[in-house]
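Input: a single structure, listed below in C-alpha coordinates.
The values are calculated or read from the model by the stated rules, or taken from the named source; none is laboratory data. This structure is a prediction, so every number in the text was calculated from the model and none was measured. Note: ideal-geometry Cβ built from the backbone for every residue, glycine included; neighbour counts use all protein chains shown.
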Amino acid sequence: MMRFKSGMAFALVLSALRAWGGDYCDSEVRVVNPGTVSAKGSVPPADAIVLFNGEDLSQWQSTSGADASWDVRDGKLSVKKGTGDIQTRRSFRDIQLHIEWRIPEGIAGEGQFRGNSGVFLQGRYEIQILDSYHNRTYADGQAGAIYGQAPPLVNAMRPPGEWNSYDVIFTAPRFYDDGTVLYPARATVLHNGVLVQNNAEILGATGAWGRPGYYEAPVSGPIRLQDHPDPSKPVSFRNIWVREINPKVPESAPTAGAQVLRIVSTRTVKQLLEDPAARAVLARCVPELVQDPDDAEYIGQRTLEALKGEADITLTDAKLQLIDEQLLQALFNRQHAGADR
(Lines give C-alpha, C1' and ligand atoms only; values in the text may rest on other atoms or scores of the structure.)
Protein backbone atom coordinates (compact mmCIF):
# COMPACT_ATOMS: atom_id res chain seq x y z
CA MET A 1 0.00 0.00 0.00
CA MET A 2 1.46 3.37 -1.00
CA ARG A 3 1.80 6.41 1.24
CA PHE A 4 1.89 10.02 0.13
CA LYS A 5 4.13 12.58 1.81
CA SER A 6 1.76 15.46 1.14
CA GLY A 7 0.42 15.27 4.67
CA MET A 8 -2.90 14.89 6.40
CA ALA A 9 -3.83 18.54 5.90
CA PHE A 10 -4.03 18.20 2.13
CA ALA A 11 -6.04 14.98 2.43
CA LEU A 12 -8.51 16.65 4.82
CA VAL A 13 -8.93 19.68 2.54
CA LEU A 14 -9.42 17.44 -0.50
CA SER A 15 -11.96 15.33 1.38
CA ALA A 16 -13.87 18.43 2.48
CA LEU A 17 -13.98 19.80 -1.05
CA ARG A 18 -15.35 16.51 -2.36
CA ALA A 19 -18.01 16.37 0.35
CA TRP A 20 -19.01 19.95 -0.44
CA GLY A 21 -18.97 19.99 -4.22
CA GLY A 22 -18.70 16.44 -5.48
CA ASP A 23 -15.75 14.76 -7.11
CA TYR A 24 -15.94 16.49 -10.47
CA CYS A 25 -13.30 16.73 -13.17
CA ASP A 26 -14.35 20.20 -14.31
CA SER A 27 -15.81 22.75 -11.90
CA GLU A 28 -17.18 25.07 -14.60
CA VAL A 29 -20.73 24.27 -15.69
CA ARG A 30 -22.15 25.67 -18.93
CA VAL A 31 -25.25 27.86 -18.53
CA VAL A 32 -28.31 26.98 -20.64
CA ASN A 33 -31.56 28.94 -20.67
CA PRO A 34 -34.29 26.44 -19.64
CA GLY A 35 -37.51 26.24 -21.60
CA THR A 36 -40.85 27.42 -20.27
CA VAL A 37 -44.12 25.49 -20.13
CA SER A 38 -47.16 26.48 -22.17
CA ALA A 39 -50.63 25.08 -22.75
CA LYS A 40 -49.25 23.32 -25.81
CA GLY A 41 -46.51 21.57 -23.84
CA SER A 42 -42.95 22.40 -22.96
CA VAL A 43 -40.75 24.78 -24.95
CA PRO A 44 -37.30 23.32 -25.72
CA PRO A 45 -34.18 24.74 -24.04
CA ALA A 46 -31.94 27.02 -26.05
CA ASP A 47 -29.44 24.37 -27.17
CA ALA A 48 -31.96 21.63 -28.05
CA ILE A 49 -32.26 19.98 -31.45
CA VAL A 50 -35.97 20.10 -32.27
CA LEU A 51 -37.04 16.84 -33.87
CA PHE A 52 -40.75 17.64 -34.21
CA ASN A 53 -42.19 21.14 -33.89
CA GLY A 54 -45.76 20.33 -34.91
CA GLU A 55 -45.30 21.26 -38.55
CA ASP A 56 -43.41 18.68 -40.60
CA LEU A 57 -41.34 15.49 -40.65
CA SER A 58 -38.16 16.97 -42.11
CA GLN A 59 -36.08 15.42 -39.30
CA TRP A 60 -37.51 11.93 -39.86
CA GLN A 61 -37.41 9.11 -42.37
CA SER A 62 -38.61 5.55 -42.64
CA THR A 63 -36.23 2.81 -41.55
CA SER A 64 -35.61 2.11 -45.24
CA GLY A 65 -34.41 5.68 -45.79
CA ALA A 66 -37.53 6.92 -47.62
CA ASP A 67 -39.42 9.99 -46.44
CA ALA A 68 -41.55 9.39 -43.36
CA SER A 69 -45.27 9.12 -44.11
CA TRP A 70 -46.91 9.37 -40.68
CA ASP A 71 -49.75 11.86 -40.23
CA VAL A 72 -49.07 15.44 -39.15
CA ARG A 73 -52.17 17.41 -38.19
CA ASP A 74 -53.10 20.13 -35.67
CA GLY A 75 -49.57 20.27 -34.27
CA LYS A 76 -49.26 16.57 -33.55
CA LEU A 77 -47.66 13.54 -35.20
CA SER A 78 -49.67 10.31 -35.31
CA VAL A 79 -48.64 6.79 -36.22
CA LYS A 80 -49.86 5.80 -39.67
CA LYS A 81 -50.70 2.17 -39.11
CA GLY A 82 -49.06 -0.31 -41.42
CA THR A 83 -46.41 2.06 -42.82
CA GLY A 84 -43.63 0.95 -40.46
CA ASP A 85 -41.41 2.65 -37.92
CA ILE A 86 -39.84 6.05 -38.47
CA GLN A 87 -36.47 7.26 -37.21
CA THR A 88 -34.41 10.43 -37.08
CA ARG A 89 -32.22 11.24 -40.06
CA ARG A 90 -29.31 11.95 -37.74
CA SER A 91 -27.68 9.69 -35.17
CA PHE A 92 -26.95 10.36 -31.52
CA ARG A 93 -24.90 8.95 -28.67
CA ASP A 94 -25.40 10.30 -25.12
CA ILE A 95 -28.56 12.41 -25.00
CA GLN A 96 -31.27 14.12 -23.01
CA LEU A 97 -34.55 13.40 -24.79
CA HIS A 98 -37.97 14.97 -24.28
CA ILE A 99 -41.01 13.49 -25.98
CA GLU A 100 -44.75 13.93 -25.35
CA TRP A 101 -47.26 11.27 -26.38
CA ARG A 102 -50.98 10.61 -26.12
CA ILE A 103 -53.16 7.53 -26.12
CA PRO A 104 -56.36 8.39 -28.05
CA GLU A 105 -59.53 8.84 -26.08
CA GLY A 106 -61.88 5.88 -26.48
CA ILE A 107 -59.01 3.41 -26.95
CA ALA A 108 -60.07 -0.24 -27.11
CA GLY A 109 -58.19 -3.48 -26.55
CA GLU A 110 -56.32 -5.09 -23.68
CA GLY A 111 -52.74 -5.67 -22.58
CA GLN A 112 -50.21 -5.07 -25.36
CA PHE A 113 -53.02 -4.44 -27.85
CA ARG A 114 -53.99 -1.05 -26.41
CA GLY A 115 -52.11 1.99 -27.70
CA ASN A 116 -48.79 0.22 -28.16
CA SER A 117 -45.75 2.07 -29.46
CA GLY A 118 -42.24 2.79 -28.25
CA VAL A 119 -39.29 5.14 -28.45
CA PHE A 120 -36.03 3.40 -29.31
CA LEU A 121 -32.73 4.94 -28.25
CA GLN A 122 -29.99 4.40 -30.84
CA GLY A 123 -32.64 2.45 -32.71
CA ARG A 124 -32.11 -0.52 -30.36
CA TYR A 125 -33.17 0.15 -26.78
CA GLU A 126 -36.91 0.64 -26.31
CA ILE A 127 -38.70 2.71 -23.71
CA GLN A 128 -42.21 1.27 -23.92
CA ILE A 129 -45.24 3.37 -24.81
CA LEU A 130 -48.60 1.82 -23.91
CA ASP A 131 -51.90 2.67 -22.30
CA SER A 132 -51.12 1.53 -18.76
CA TYR A 133 -54.05 3.39 -17.21
CA HIS A 134 -56.13 0.60 -15.67
CA ASN A 135 -54.73 -1.78 -18.28
CA ARG A 136 -52.82 -4.72 -16.85
CA THR A 137 -49.96 -6.39 -18.72
CA TYR A 138 -46.55 -7.85 -17.86
CA ALA A 139 -44.51 -5.43 -15.76
CA ASP A 140 -41.57 -5.01 -18.12
CA GLY A 141 -43.97 -4.32 -21.00
CA GLN A 142 -45.96 -1.43 -19.54
CA ALA A 143 -45.44 2.29 -20.04
CA GLY A 144 -42.10 3.46 -18.69
CA ALA A 145 -40.46 0.03 -18.93
CA ILE A 146 -37.19 -0.69 -20.65
CA TYR A 147 -39.00 -3.21 -22.76
CA GLY A 148 -38.52 -6.80 -21.70
CA GLN A 149 -35.82 -5.89 -19.17
CA ALA A 150 -36.74 -3.38 -16.47
CA PRO A 151 -40.25 -2.59 -15.18
CA PRO A 152 -40.91 1.04 -14.22
CA LEU A 153 -40.53 1.90 -10.54
CA VAL A 154 -44.12 3.19 -10.50
CA ASN A 155 -47.03 3.59 -12.89
CA ALA A 156 -47.35 7.31 -13.64
CA MET A 157 -49.79 6.98 -16.52
CA ARG A 158 -52.45 9.59 -17.32
CA PRO A 159 -55.89 8.60 -18.70
CA PRO A 160 -56.40 8.18 -22.46
CA GLY A 161 -56.91 11.51 -24.18
CA GLU A 162 -54.37 13.30 -21.93
CA TRP A 163 -50.75 14.00 -22.85
CA ASN A 164 -47.91 12.07 -21.24
CA SER A 165 -44.24 13.04 -21.29
CA TYR A 166 -40.96 11.18 -21.12
CA ASP A 167 -37.73 12.88 -20.12
CA VAL A 168 -34.87 10.48 -20.74
CA ILE A 169 -31.17 10.72 -19.86
CA PHE A 170 -29.40 8.11 -21.95
CA THR A 171 -25.77 7.07 -21.70
CA ALA A 172 -24.80 4.97 -24.69
CA PRO A 173 -22.76 1.80 -24.24
CA ARG A 174 -19.01 1.91 -24.79
CA PHE A 175 -17.01 -0.84 -26.44
CA TYR A 176 -13.42 -1.96 -26.61
CA ASP A 177 -11.85 -2.00 -30.06
CA ASP A 178 -12.62 -5.72 -30.39
CA GLY A 179 -16.36 -5.11 -29.87
CA THR A 180 -16.63 -6.36 -26.29
CA VAL A 181 -18.51 -4.17 -23.82
CA LEU A 182 -16.55 -1.68 -21.72
CA TYR A 183 -19.75 -0.60 -19.99
CA PRO A 184 -23.41 -1.06 -20.90
CA ALA A 185 -26.01 1.55 -21.80
CA ARG A 186 -27.95 3.22 -18.99
CA ALA A 187 -31.15 5.22 -18.86
CA THR A 188 -32.91 7.46 -16.38
CA VAL A 189 -36.55 8.09 -17.28
CA LEU A 190 -39.13 10.49 -15.84
CA HIS A 191 -42.71 9.74 -16.85
CA ASN A 192 -44.85 12.84 -16.35
CA GLY A 193 -42.14 14.17 -14.05
CA VAL A 194 -42.08 11.00 -11.93
CA LEU A 195 -38.92 8.90 -11.77
CA VAL A 196 -39.62 5.48 -13.30
CA GLN A 197 -36.09 4.36 -14.30
CA ASN A 198 -33.20 5.34 -12.04
CA ASN A 199 -29.92 5.01 -13.98
CA ALA A 200 -31.08 1.56 -15.07
CA GLU A 201 -28.61 -0.71 -16.81
CA ILE A 202 -29.72 -1.83 -20.27
CA LEU A 203 -28.71 -5.41 -20.97
CA GLY A 204 -28.57 -5.01 -24.74
CA ALA A 205 -31.00 -4.61 -27.61
CA THR A 206 -34.60 -4.97 -26.45
CA GLY A 207 -37.16 -7.29 -27.99
CA ALA A 208 -40.02 -9.67 -27.34
CA TRP A 209 -37.95 -12.79 -27.89
CA GLY A 210 -34.45 -13.97 -27.23
CA ARG A 211 -31.83 -13.13 -24.67
CA PRO A 212 -30.70 -9.48 -24.70
CA GLY A 213 -27.08 -8.79 -25.46
CA TYR A 214 -24.65 -6.49 -27.23
CA TYR A 215 -24.16 -8.26 -30.53
CA GLU A 216 -23.12 -5.08 -32.33
CA ALA A 217 -20.86 -2.23 -31.24
CA PRO A 218 -22.45 0.99 -32.59
CA VAL A 219 -21.01 4.36 -31.65
CA SER A 220 -24.30 6.15 -32.27
CA GLY A 221 -27.75 5.55 -33.70
CA PRO A 222 -31.10 7.21 -34.50
CA ILE A 223 -34.13 7.75 -32.30
CA ARG A 224 -36.87 5.48 -33.61
CA LEU A 225 -40.65 5.57 -33.07
CA GLN A 226 -42.62 2.35 -33.39
CA ASP A 227 -45.57 1.46 -35.59
CA HIS A 228 -46.75 -1.52 -33.51
CA PRO A 229 -48.94 -4.02 -35.41
CA ASP A 230 -51.84 -4.03 -32.96
CA PRO A 231 -55.35 -3.03 -34.14
CA SER A 232 -55.96 -0.21 -31.64
CA LYS A 233 -56.15 3.48 -32.54
CA PRO A 234 -52.79 5.15 -33.30
CA VAL A 235 -50.66 6.92 -30.70
CA SER A 236 -49.83 10.62 -31.22
CA PHE A 237 -46.69 12.64 -30.42
CA ARG A 238 -45.71 16.28 -30.01
CA ASN A 239 -42.81 18.43 -28.70
CA ILE A 240 -39.92 16.09 -29.44
CA TRP A 241 -36.48 17.50 -28.81
CA VAL A 242 -33.04 16.24 -27.85
CA ARG A 243 -29.87 17.67 -26.31
CA GLU A 244 -26.55 16.01 -27.06
CA ILE A 245 -24.32 15.29 -24.07
CA ASN A 246 -20.57 15.51 -24.78
CA PRO A 247 -21.17 15.68 -28.54
CA LYS A 248 -17.50 16.39 -29.33
CA VAL A 249 -16.08 13.17 -27.88
CA PRO A 250 -14.48 11.57 -30.96
CA GLU A 251 -15.66 8.30 -32.41
CA SER A 252 -12.21 6.92 -33.15
CA ALA A 253 -8.85 6.50 -31.44
CA PRO A 254 -6.54 9.53 -31.54
CA THR A 255 -3.64 7.74 -33.25
CA ALA A 256 -3.17 4.69 -35.43
CA GLY A 257 -2.92 1.56 -33.34
CA ALA A 258 -4.39 3.16 -30.23
CA GLN A 259 -7.24 1.34 -28.56
CA VAL A 260 -10.52 3.18 -28.10
CA LEU A 261 -11.40 3.69 -24.43
CA ARG A 262 -8.35 1.83 -23.15
CA ILE A 263 -6.03 4.74 -22.43
CA VAL A 264 -6.26 4.40 -18.64
CA SER A 265 -5.29 0.74 -18.82
CA THR A 266 -2.60 0.87 -21.53
CA ARG A 267 -0.55 3.98 -20.72
CA THR A 268 1.43 4.50 -17.55
CA VAL A 269 1.03 7.65 -15.49
CA LYS A 270 4.54 8.67 -16.55
CA GLN A 271 3.58 8.44 -20.22
CA LEU A 272 0.47 10.49 -19.60
CA LEU A 273 2.30 13.17 -17.62
CA GLU A 274 4.82 13.58 -20.43
CA ASP A 275 2.00 14.66 -22.74
CA PRO A 276 0.80 18.22 -21.95
CA ALA A 277 -2.78 17.51 -23.04
CA ALA A 278 -3.02 14.37 -20.92
CA ARG A 279 -1.26 16.02 -17.98
CA ALA A 280 -3.90 18.77 -17.95
CA VAL A 281 -6.64 16.13 -17.70
CA LEU A 282 -4.89 14.37 -14.80
CA ALA A 283 -4.29 17.66 -12.97
CA ARG A 284 -8.00 18.38 -13.19
CA CYS A 285 -9.38 14.90 -12.54
CA VAL A 286 -6.80 13.29 -10.24
CA PRO A 287 -4.78 16.15 -8.73
CA GLU A 288 -3.32 13.88 -6.04
CA LEU A 289 -1.28 12.12 -8.72
CA VAL A 290 0.65 15.28 -9.62
CA GLN A 291 0.97 16.84 -6.18
CA ASP A 292 4.11 15.17 -4.83
CA PRO A 293 7.09 14.55 -7.16
CA ASP A 294 8.64 12.21 -4.56
CA ASP A 295 6.01 9.66 -5.47
CA ALA A 296 6.64 9.95 -9.21
CA GLU A 297 8.79 6.82 -9.41
CA TYR A 298 6.16 4.62 -7.78
CA ILE A 299 3.21 6.15 -9.57
CA GLY A 300 4.86 6.67 -12.91
CA GLN A 301 5.39 3.00 -13.64
CA ARG A 302 1.74 2.09 -13.16
CA THR A 303 -1.47 2.68 -15.09
CA LEU A 304 -4.43 4.54 -13.65
CA GLU A 305 -6.42 1.31 -13.68
CA ALA A 306 -3.70 -0.38 -11.60
CA LEU A 307 -3.78 2.47 -9.08
CA LYS A 308 -7.48 2.01 -8.34
CA GLY A 309 -7.84 1.03 -4.69
CA GLU A 310 -4.54 2.57 -3.55
CA ALA A 311 -4.56 4.65 -0.39
CA ASP A 312 -5.16 8.37 -0.90
CA ILE A 313 -6.27 7.93 -4.51
CA THR A 314 -9.94 8.14 -5.37
CA LEU A 315 -10.50 6.13 -8.56
CA THR A 316 -13.77 4.32 -9.17
CA ASP A 317 -14.81 2.46 -12.30
CA ALA A 318 -17.11 5.32 -13.25
CA LYS A 319 -14.36 7.90 -12.76
CA LEU A 320 -11.88 5.86 -14.79
CA GLN A 321 -14.38 5.77 -17.64
CA LEU A 322 -14.83 9.54 -17.42
CA ILE A 323 -11.08 10.16 -17.35
CA ASP A 324 -10.62 7.78 -20.27
CA GLU A 325 -13.05 9.78 -22.40
CA GLN A 326 -11.47 13.08 -21.41
CA LEU A 327 -8.01 11.74 -22.26
CA LEU A 328 -9.29 10.51 -25.60
CA GLN A 329 -10.78 13.94 -26.31
CA ALA A 330 -7.64 15.81 -25.24
CA LEU A 331 -5.29 13.65 -27.31
CA PHE A 332 -7.65 13.80 -30.28
CA ASN A 333 -7.76 17.60 -30.08
CA ARG A 334 -3.98 17.84 -29.83
CA GLN A 335 -3.42 15.58 -32.81
CA HIS A 336 -5.88 17.45 -35.02
CA ALA A 337 -4.57 20.85 -33.90
CA GLY A 338 -1.12 19.74 -35.10
CA ALA A 339 -2.53 18.47 -38.38
CA ASP A 340 -4.26 21.82 -39.05
CA ARG A 341 -1.07 23.87 -38.82
- Name the residues in the range 185-208 that are closer than 14 Å to residue 125 by Cβ, modelled with pLDDT of 90 or more and in a loop (DSSP other than H, G, I, E, B), would you? 185, 202, 203, 204, 205, 206
- Checked against (1) hydrophobic (A, V, I, L, M, F, W, C); (2) surrounded by 19 or more Cβ atoms within 10 Å (Cβ to Cβ); (3) out of contact with any Lys or Arg (no Cβ under 7 Å at 6 or more places or on another chain), residue 172 satisfies every condition except (3)
- Do we find that residue 86 is over 18 Å from the mean Cα position of the chain (by Cα), of a type in the set (Val, Ile, Thr) and crowded, with 18+ Cβ neighbours inside 10 Å in this structure? yes
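Taking the criterion of being of a type in the set (Phe, Trp, Tyr) and surrounded by fewer than 15 Cβ atoms within 10 Å (Cβ to Cβ), would at least one residue in the range 198-209 satisfy it? Break it down into steps so the answer makes sense when it comes.
Let us first name the residues in the range 198-209 that are of a type in the set (Phe, Trp, Tyr), namely 209.
If we keep only those that are surrounded by fewer than 15 Cβ atoms within 10 Å (Cβ to Cβ) as well, we get 209.
Yes, that holds for at least one residue.
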- Message: I'm checking my understanding of the structure. Among residues of the range 217-249 that are small (Gly, Ala, Ser) and more than 17 Å from the chain's Cα centre (by Cα), which one is farthest from residue 178 (Cα to Cα)?
- Response: 232
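Residues are listed down the side, and each one gets a yes or a no for (1) in contact with a helix residue (DSSP H, G or I) (Cβ under 7 Å, 6 or more places away or on another chain); (2) buried (at least 20 other Cβ atoms within 10 Å of the Cβ); (3) on the phi < 0 side of the Ramachandran plot:
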site	(1), (2), (3)
109	no, no, no
116	no, yes, yes
140	no, no, yes
143	no, yes, yes
150	yes, yes, yes
161	no, no, no
164	no, yes, yes
167	no, no, yes
- Taking the range 51-76 as the region of interest, how many residues are outside any loop (DSSP other than H, G, I, E, B) and touching a Lys or Arg at 6+ places or on another chain (Cβ under 6 Å)? 3
- Check the range 118-129 and report whether any residue there is in the same structural domain as residue 239 (by TED's automatic domain parsing), surrounded by fewer than 24 Cβ atoms within 10 Å (Cβ to Cβ), at pLDDT below 95 and of a type in the set (Gly, Ala, Ser). no
- The correct count of residues that are in contact (Cβ under 8 Å) with a residue 60 or more places away in the chain and assigned to a loop (DSSP other than H, G, I, E, B) in the range 77-116 is 23
- Item | Scope the range 301-328; condition under 17 Å from residue 245 (Cβ atoms) and either acidic (Asp, Glu) or over 25 Å from the mean Cα position of the chain (by Cα) (or both); matching residues | 324, 325
